[in-house]
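The structure under discussion appears below in the form of structure tokens.
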Amino acid sequence: MKLSEVYTPAVLLDLDILERNISRFAAEAAAHGKQLWPMLKTHKSLELAALQAAAGAAGFLCGTLDELEALAEAGYRDLMYAYPAADPLSVARLIRAAKRCALILRIDGLEAPAVLNEAAREAGIRLSYTIIIDAGLHRFGVPPEKAGAFARELARFDSLRFRGLSTHPGHVYAAGSAEELPRYCEEERAAVKTAVESLQAAGFAPEIVSSGSTPTFRGTVGDGLLNLYHPGNYVFMDAIQLSTGTAREEDCALTILASVISHPREDLFLCDAGAKCLGLDQGAHGNSSIRGYGVVIGHPEITVAGLSEEVGKLHAEGRTDLKVGDRIRIIPNHACSSANLTSYYVGHRGDEVDHLIAVDIRGNGFCCDEWDEALFLPQRGRMSAKLTGEGEKRRSSAIGSASPSSPSSVNTGGSFPRWGKHSGSSRTPTPTGRRKTSSAPVCALGHLPRARGRLRVSTLRSVPSLRANPILPAWLYSLFPLPSSLFSPAGEKLIRSCSRKRSAMGEKVW
Ligand SMILES: Cc1ncc(COP(=O)(O)O)c(C=O)c1O
């Protein structure tokens with residue numbers, strides 16, 4: 001299937017560029033003997049996490065509890081949760097996760113650790129944590145010079161275990177060019193050095209010294225103190241990375257495919273990708289190099305000047321050969337935001353569609369178990385599949401048998417599991433590079449957060465016509481973001497039929 005056959009708007013993912021970005025950062029970290037624990041929130045996809053692990057990622061930093069639970073369920077062992085948590089439900093989820101993986105929390109105050117300590121004691125476990133230091137973002141974190149004193153205060157929590165320090169120099173996104181980056185790298189290094197010295201003076205030896213952002217990665221990866229890095233956006237890159245001088249257009253893997261649908265004025269065109277594809281993000285830190293809402297590839301004369309929900313306003317400066325009916329590709333300002341607005345990436349190599357990649361960990365919070373059946377599932381009652389507790393059992397046994405992805409067992413060779421031609425089983429590689437057969441398709445049901453483990457995909461597979469007849473899957477697909485493996489055997493024809501159906505329903509996937 002060609003890209004020219006994909007319905008617009010669509011979120012495209014250039015797999016060659018993606019793999020190059022993943023390899024490049026993995027190789028640089030490995031060359032300096034450093035561990036890469038990428039921030040998962042960028043892509044929220046188990047399939048892409050598996051690629052990062054296969055390329056050498058030793059662990060993951062999770063931005064949501066959903067991400068943490070999904071990775072723990074998938075068998076990843078070394079996981080860090082980026083932010084403190086204190087409310088009882090979130091703490092209960094953290095305790096559950098800590099029983100499944102080698103979880104490291106982050107702490108920057110005394111309230112959250114008091115709650116976490118109590119919960120850990122009750123559960124009979126010790127929770128590991130790093131102290132967050134403020135390297136200039138002024139969001140979370142204690143001042144670097146107070147890290148030692150803060151560690152002393154935390155020492156009273158006997159069910160918590162100090163492991164080191166963490167930070168994120170997110171204020172680097174105010175940089176308007178590559179020339180400005182070294183200043184932020186220097187600030188990051190200085191903050192870390194001050195914090196390490198403060199901890200050592202207080203009698204604490206930080207085993208983990210972790211930081212990371214895509215723009216400061218290159219400038220700090222050789223630093224002697226930092227040993228663990230958390231870049232996130234590097235897999236995609238985007239227009240904000242172009243503006244900070246971190247990436248070139250040819251490094252941007254995620255683009256929005258759109259059609260020009262109207263030309264109401266000499267200098268104005270309208271396209272069918274709006275805020276619900278591109279996002280309204282213009283950078284959190286006021287970067288003056290960012291113009292509009294994305295970069296239209298091959299059209300420097302065009303600015304994405306405004307967005308309504310489903311429509312983009314393209315302003316032309318001077319002459320342009322753009323016309324109604326053209327298909328354009330737009331690099332979004334913030335690829336992480338665009339990723340969070342789609343259920344699937346359309347993975348492609350050049351002009352060829354390769355396969356769909358589920359964004360299976362987005363959403364905002366799992367329902368608790370009781371809610372699943374009471375509130376959520378009846379709305380999906382049109383589906384004939386039975387919901388049972390079997391997925392839960394299968395999940396537990398998958399975790400029990402998963403090989404830990406400890407740093408020593410990590411493959412730093414940078415090779416990627418190839419997306420094979422279609423087979424009946426899932427193509428989502430496991431953390432160890434093997435392919436799951438039973439639980440991975442369940443994880444691909446992005447819109448069924450908690451129910452994912454309960455849906456008997458085998459039930460769907462056992463319907464003979466599902467894999468032979470494009471009509472039935474298309475119907476199912478219109479109701480649910482079903483795992484692509486279900487559609488594999490019928491290949492392109494099936495995907496087209498599904499996309500047509502979804503398009504008819506006004507969905508944004510294709
Ligand atoms: C705590 C934390 N660490 C790491 C990252 C990754 O940063 P980047 O996407 O710039 O690589 C983020 C991104 O928001 C973050 O919040």
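Would you say GLU188 is away from the ligand (no atom under 14 Å from the Cβ), part of a helix (DSSP H, G or I) and either surrounded by fewer than 24 Cβ atoms within 10 Å (Cβ to Cβ) or free of Cβ contacts under 8 Å to residues at least 60 places away in the same chain (or both)?
Details: away from the ligand (no atom under 14 Å from the Cβ): no; part of a helix (DSSP H, G or I): yes; either surrounded by fewer than 24 Cβ atoms within 10 Å (Cβ to Cβ) or free of Cβ contacts under 8 Å to residues at least 60 places away in the same chain (or both): yes.
The answer is no for GLU188.
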Inset, instruction - Taking ALA149 as the residue in question, decide whether it is of a type in the set (A, V, I, L, M, F, W, C) and more than 14 Å from the ligand (Cβ to nearest atom). - result: yes
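Does ILE125 satisfy the criteria of being more than 16 Å from the ligand (Cβ to nearest atom), in the same structural domain as THR64 (by TED's automatic domain parsing), more than 21 Å from the chain's Cα centre (by Cα) and not in a helix (DSSP H, G or I)? Show your work before the answer.
Values: more than 16 Å from the ligand (Cβ to nearest atom): yes; in the same structural domain as THR64 (by TED's automatic domain parsing): yes; more than 21 Å from the chain's Cα centre (by Cα): yes; not in a helix (DSSP H, G or I): yes.
In short, yes.
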Inset, instruction - Tell me which of these ALA202 doesn't satisfy, since it passes every other one: (1) touching a Lys or Arg at 6+ places or on another chain (Cβ under 8 Å); (2) under 16 Å from TYR229 (Cβ atoms). - result: (2)
Inset, instruction - Output the number of residues of the range 53-72 satisfying the condition of being buried (at least 23 other Cβ atoms within 10 Å of the Cβ), touching a residue at least 40 places away in the same chain (Cβ under 8 Å), within 18 Å of VAL359 (Cβ to Cβ) and not aliphatic (A, V, I, L, M). - result: 1
Legend entry - Members of the range 323-350 that are touching a His at 6+ places or on another chain (Cβ under 6 Å) and surrounded by 18 or more Cβ atoms within 10 Å (Cβ to Cβ): ALA339, GLY347
Legend entry - Residues satisfying the stated conditions in the range 245-282, i.e. modelled with pLDDT under 95, surrounded by 19 or more Cβ atoms within 10 Å (Cβ to Cβ) and not acidic (Asp, Glu): GLY279
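Restricting attention to the range 29-59, which residues are at negative phi and out of contact with any strand residue (DSSP E or B) (no Cβ under 9 Å at 6 or more places or on another chain)? First the steps, then the outcome.
Within the range 29-59, the first condition is being at negative phi, and the residues that meet it are 29-32, 34-43, 45-55, 57-59.
Correct list: ALA31, HIS32, THR42.
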Legend entry - Total residues in the range 153-182, condition within 16 Å of the ligand (Cβ to nearest atom), more than 30 Å from ALA98 (Cα to Cα) and assigned to a helix (DSSP H, G or I): 7
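Assess whether ALA82 counts as being more than 22 Å from ILE330 (Cα to Cα), aliphatic (A, V, I, L, M) and surrounded by fewer than 22 Cβ atoms within 10 Å (Cβ to Cβ). It would help to see each step written out before you state the result.
Values: more than 22 Å from ILE330 (Cα to Cα): yes; aliphatic (A, V, I, L, M): yes; surrounded by fewer than 22 Cβ atoms within 10 Å (Cβ to Cβ): yes.
So ALA82 passes the test.
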Legend entry - Top-ranked residue in the range 215-246 [being out of contact with any Cys (no Cβ under 8 Å at 6 or more places or on another chain) and either free of Cβ contacts under 8 Å to residues at least 24 places away in the same chain or over 21 Å from LEU40 (Cα atoms) (or both); ranked as nearest to the ligand (Cβ to nearest atom)]: THR244
Legend entry - Test: residue in the range 84-98 that is within 14 Å of the ligand (Cβ to nearest atom), under 28 Å from GLY222 (Cα atoms) and assigned by TED's automatic domain parsing to the domain that holds LEU165: no
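The values are calculated or read from the model by the stated rules, or taken from the named source; none is laboratory data. Quick caveat: nothing in here was measured; it's all calculated off a predicted structure. Cβ atoms come from the backbone with ideal geometry, glycine included; neighbour counts cover every protein chain shown.
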